[in-house]
Amino acid sequence: MHKSTFVKLAAAALVASAFSLPASAADVIKLGVAGPHSGDLAPYGLPSKDAAEMVVADINAAGGVNGKKVELMIVDDQCKPEIATNVATKLVSEGVNIVIGHVCSGATKAAMGIYKDAKIIAISPSATNPPLTKAGEYPNFYRTIAPDDDQAVLAAAFATDKLNAKKIAIIHDKGDYGKGFADFCKEAIEKGGKAKVVMYEGIQPGAMDYSAVIQKLRSEGADALIFGGYHPEASKLLSLMNKKKIKVPFIGPDGLKGDGFLKIAGKDAEGVYATGPMDVTKFPLNAKAHADYKTKFGKEPGTFFDQAYAATLAALNAIKVANGTDYEALGKALKTSAVDTSVGKIKFDAKGDAEGVGFSIYQVKGGAFAEVK
């Protein structure tokens, strides 16, 4: 067996057996990974889990962090706030040192107070709700993705400046993420003064029929639709719009930019626009991460993989720099020690947002997302 193959297998075995290690808490670093690993929103969470597993396998194969192995504690919150509180409590009770997650903004908000009380830092690859950092309520929260107000300003400007929309409809799913994005889009459009918001409606996630809101979309004469929410509801809206022959540009947030949306929406996805993290393929660590993933799984990684890979690297670098898992020392290291990651060289600002990350506009062309130049 080739030496490098043996090292990779050994590292993978370490990760696979992490929960069975009879080590004491002092002998290992406990890294929580929280997100939706089952249910409709699993396409958002499983890539993050894969990313954390890959980074930890490499780190452990190289000797760990400060001589300690990293033990993964993987928990499934299904993106549901009530489950998120339970898994956060479980992680804290089992001695977690730092958390990668959560993934959805609502679940993140539900869990963050529990981590705060326990002085546990969490780094999310995807929770974009602005108040999570900007309200100052969660000094233990960090993220490797830009917040919703950034992508909302981009989406609004794209609708008015590039698509020349004058009458814009906004529909959201009433959640922290979807409504937050919608609110910021509405604010940006009204502030810009180039278009009018002719419709602002919330829908119930999981409802069987959105005919009433689609009929209102038609009657208001909107020439563009901005949607705040996730791919299951977006797919249903698009299907109805196409059946009713309502042909207006559909713009969504990064909750749409992924394989989950493409698979569920199918041909209805063609032409849809979505904001998403800016292209980071130019960074060497990104190329390595993707090559390793394709070798392991035979395909490209999914949504938020890059951001989770970066979050895991940032977390373990902070532990190395802080020479341990002390809460204050970790916070200082995250804010002052830049680290090369899959999304570039990053450190975090005083509020917990990664410096230098941002969004681009993408469009579905031929069944895949392509960046709009």
**Request:** Kindly establish whether G271 is within 17 Å of A370 (Cβ to Cβ) and touching a residue at least 60 places away in the same chain (Cβ under 8 Å).
**Result:** yes
**Asked** Going through the stretch 38-53 one residue at a time, which ones are surrounded by fewer than 24 Cβ atoms within 10 Å (Cβ to Cβ) and out of contact with any His (no Cβ under 9 Å at 6 or more places or on another chain)?
**Response** S38, G39, A42, D50, E53
**Message:** I need every pair where a residue in the stretch 285-303 that is aromatic (F, W, Y) has its Cβ under 9 Å from the Cβ of a residue that is part of a loop (DSSP other than H, G, I, E, B), sequence separation at least 6 or different chains.
**Reply:** Y293/K299; Y293/E300; Y293/P301
**Given (1) of a type outside the set (F, W, Y); (2) modelled with pLDDT of 95 or more; (3) open to solvent by less than 30 Å² (accessible area, probe 1.4 Å), index of the condition G258 fails** = (2)
**Message:** If K332 meets every condition in (1) in contact with a Leu (Cβ under 6 Å, 6 or more places away or on another chain); (2) surrounded by fewer than 23 Cβ atoms within 10 Å (Cβ to Cβ) apart from one, which number is that one?
**Reply:** (1)
**Asked** Among (1) at pLDDT 95 or above; (2) under 23 Å from T144 (Cβ atoms); (3) of a type outside the set (S, T, N, Q), where does D268 come up short?
**Response** (2)
**Complete:** Of the listed residues (A34, A23, A16, A62), the one being out of contact with any Lys or Arg (no Cβ under 8 Å at 6 or more places or on another chain), at pLDDT below 95 and not charged (D, E, K, R) is A16
**Item:** Residue check for G255: among the small types (G, A, S) and within 16 Å of the chain's Cα centre (by Cα)
**Value:** yes
**Message:** Just to be sure before I move on: is K335 basic (K, R), more than 30 Å from F158 (Cβ to Cβ) and at pLDDT 95 or above in the structure I sent?
**Reply:** yes
**Asked** Any chance the stretch 328-344 includes a residue that's free of Cβ contacts under 8 Å to residues at least 12 places away in the same chain and of a type in the set (D, E, K, R)?
**Response** yes
**Prompt:** Which ones in the stretch 267-285 are open to solvent by 30 Å² or more (accessible area, probe 1.4 Å) and of a type in the set (A, V, I, L, M, F, W, C)?
**Reply:** M278, F283, L285
**Item:** Failed criterion for F250 (all others in (1) aromatic (F, W, Y); (2) open to solvent by 30 Å² or more (accessible area, probe 1.4 Å); (3) under 24 Å from K365 (Cβ atoms) hold)
**Value:** (2)
**Asked** Tell me, which strands (runs of 3 or more DSSP E) wholly within the stretch 110-217 include 3 or more residues that are closer than 27 Å to G356 by Cα, touching a residue at least 24 places away in the same chain (Cβ under 8 Å) and open to solvent by less than 10 Å² (accessible area, probe 1.4 Å)?
**Response** 121-124, 141-143
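The values are calculated or read from the model by the stated rules, or taken from the named source; none is laboratory data. Here the structure is a predicted model, which is why all the values come from computation and not from measurement. Backbone-built Cβ (ideal geometry, glycine too); neighbour counts: all protein chains shown. Note: areas computed on protein heavy atoms with side chains; ligands, DNA, RNA excluded. Shrake-Rupley method; radii C 1.70, N 1.55, O 1.52, S 1.80 Å.
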